[in-house]
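The values are calculated or read from the model by the stated rules, or taken from the named source; none is laboratory data. Everything numeric here is computed off the predicted structure, so don't read it as measured data. Cβ placement follows ideal geometry from the backbone for every residue including glycine, while neighbour counts extend to all protein chains displayed. Ligands, DNA and RNA are excluded from the accessible area calculation, which covers all protein heavy atoms including side chains. Shrake-Rupley method; radii C 1.70, N 1.55, O 1.52, S 1.80 Å.
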Amino acid sequence: MGVLILFWVMAPVSVAAAAAMLFMRNAVHSALLLIVNFFTIAVFFLMLGSPFLFVVQIIVYAGAIMVLFLFVIMLLGVDREENLRERIAGQRWVAVALGVGLVAEVFAAVRLGVGLSGGNVAGAAALSRGGNVKALADVLFGSYFFPFEVTSILLIVAAIGVMLLGRRRAAAPRPGGAADGPGGGAGAPRPDLEPVP
Amino acid sequence: MRTPIAWYLVVSGLLFTIGTVGVLVRRNALVIFMSVELQLNAANLALVAFARRWGSVTGQVLAFFSMTVAAAEVVVGLAIIVALYRKRRSADVDDASLLRW
C-alpha cells in the first residue's frame, strides 16, 4: 500500500516537472526541473527493486550530468531570449499533435502487451538474490563482461574527443607581448574567437 | 497491493513523449539536449520496469549500460554545443543552418 501511495505522489510530480521543463524560458529553470524529474525516476527505480540504480541515477544523472549542464549554461550565458518565431509554419502544433499520437500509441501498446493491471510475473526475489548489487554484478561481470570493457573504451574515446573538440586553436603570437594570457583585458580583441558572421 | 507494472510503463511513455515534443518544439540547443536526456531516462524506466516484471536483472544491467553511454553522449554533445557557440555566438539551432539546402 505504501508503494502505491508513493507511486501516485511521484508520478504526477515526475510528469509535471517534465512538462514544465518545456515551458521554461530560462534554461537554468529547465535544468532544475529536469533534476526534480530525475530524482522521481530514481525513486521509481527504488520502488521497482533496484537500489543500485537508484543511487547511480542520483549520483550520475542528478549530480554529475546536470552539473555539467548547468556549467555549460553558465558558460554560454543565461540571459538570452529564445527566438519564438517559427521557421516552419505550424511546426509547433504538428509537434504537439504527434506527441498526443505517440501517447495514444504507447498506451495502446501497454494495454495490448502487458495489460493495464498486469502484475509481476516473477517475484522480486530474483532481483535481489544476495543483494541487488551482487545480483547485478553477477550478470554484469558474467554475461556482459565484454560489453562492459567496450564501455570503458567508449568513455576514454569520448573524453579524448571532447578534449579535441573543446580545444582552442593556439593563438598566433602577437608582436606586442604574451599571447592571450589569463589576465587579458575584457576589451582586448580575442584572437581565439571568430568574428560574428 | 502491488503496483501494476503497466503504470510505470505509461509514465515512461508520457515522459518519452514530453521529451520528443521538447526536441521538436524548442530552439535552444541546451534545452533540446535536456529533452533527449529525458527520453533516455524514460527508456531506462521502461527497462527497469520490465526487469521487475520478469524477475530478471538483465534489464537493470541494460539500464546501467544506457546510463554510461548517456554520460559519454552528454559530454560530447555539450562540447559540440560549446564549439558551435564559439563559432556562431548563439545556442539556437536555427542559426546552425549551414548544411540546409
Next on the checklist: I need the full set of residues from segment B:15-25 which are over 22 Å from A:Ile58 (Cα atoms) and at the interface with chain A (Cβ under 7 Å from one of its Cβ atoms), in order please.
Outcome noted: B:Thr17, B:Thr20, B:Val21, B:Gly22, B:Leu24, B:Val25
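Conditions tested, residue by residue: (1) open to solvent by 100 Å² or more (accessible area, probe 1.4 Å); (2) in the same structural domain as A:Leu4 (by TED's automatic domain parsing); (3) modelled with pLDDT of 75 or more; (4) not charged (D, E, K, R).
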{"site": "A:Val103", "(1), (2), (3), (4)": "no, no, yes, yes"}
{"site": "A:Phe107", "(1), (2), (3), (4)": "no, no, yes, yes"}
{"site": "A:Val114", "(1), (2), (3), (4)": "no, no, yes, yes"}
{"site": "A:Gly142", "(1), (2), (3), (4)": "no, no, yes, yes"}
{"site": "A:Val150", "(1), (2), (3), (4)": "no, no, yes, yes"}
{"site": "A:Ala172", "(1), (2), (3), (4)": "no, no, no, yes"}
{"site": "A:Pro175", "(1), (2), (3), (4)": "yes, no, no, yes"}
{"site": "A:Gly183", "(1), (2), (3), (4)": "no, no, no, yes"}
{"site": "A:Asp192", "(1), (2), (3), (4)": "no, no, no, no"}
Checklist entry - Which residues, taken from segment B:4-13, are without any contact (Cβ under 8 Å) to a residue 24 or more places away in the chain and assigned to a helix (DSSP H, G or I)? => result B:Ala6, B:Trp7, B:Val10
Next on the checklist: Of the residues A:Leu75, A:Leu98, only one is farther than 26 Å from B:Gly13 by Cβ, open to solvent by 30 Å² or more (accessible area, probe 1.4 Å) and at pLDDT 80 or above; which?
Outcome noted: A:Leu75
Checklist entry - Quick check, is B:Ser12 among the hydroxyl-bearing types (Ser, Thr, Tyr), more than 7 Å from chain A (Cβ to nearest Cβ), closer than 20 Å to A:His29 by Cβ and buried (at least 18 other Cβ atoms within 10 Å of the Cβ)? => result no
Checklist outcome for this item: Matching residues in segment B:70-101 (open to solvent by 20 Å² or more (accessible area, probe 1.4 Å), more than 7 Å from chain A (Cβ to nearest Cβ) and modelled with pLDDT of 90 or more) number 1
Checklist outcome for this item: From the option list B:Ser35, B:Ser66, single residue qualifying as more than 7 Å from every other protein chain (Cβ to nearest Cβ), out of contact with any Leu (no Cβ under 6 Å at 6 or more places or on another chain) and open to solvent by less than 10 Å² (accessible area, probe 1.4 Å) is B:Ser35
Item to check | Filtered residue count, segment B:42-61, keeping only those that are buried (at least 18 other Cβ atoms within 10 Å of the Cβ) and farther than 19 Å from A:Ala109 by Cβ | outcome: 3
Checklist entry - Is it the case that segment A:49-66 has a residue that's in contact (Cβ under 8 Å) with a residue 24 or more places away in the chain and β-branched (Val, Ile, Thr)? => result no
Next on the checklist: With the requirement that a residue be over 19 Å from the mean Cα position of the chain (by Cα), in a helix (DSSP H, G or I) and within 21 Å of A:Asn132 (Cα to Cα), what does segment B:40-98 give you?
Outcome noted: B:Ala51, B:Arg52, B:Arg53, B:Trp54, B:Thr58
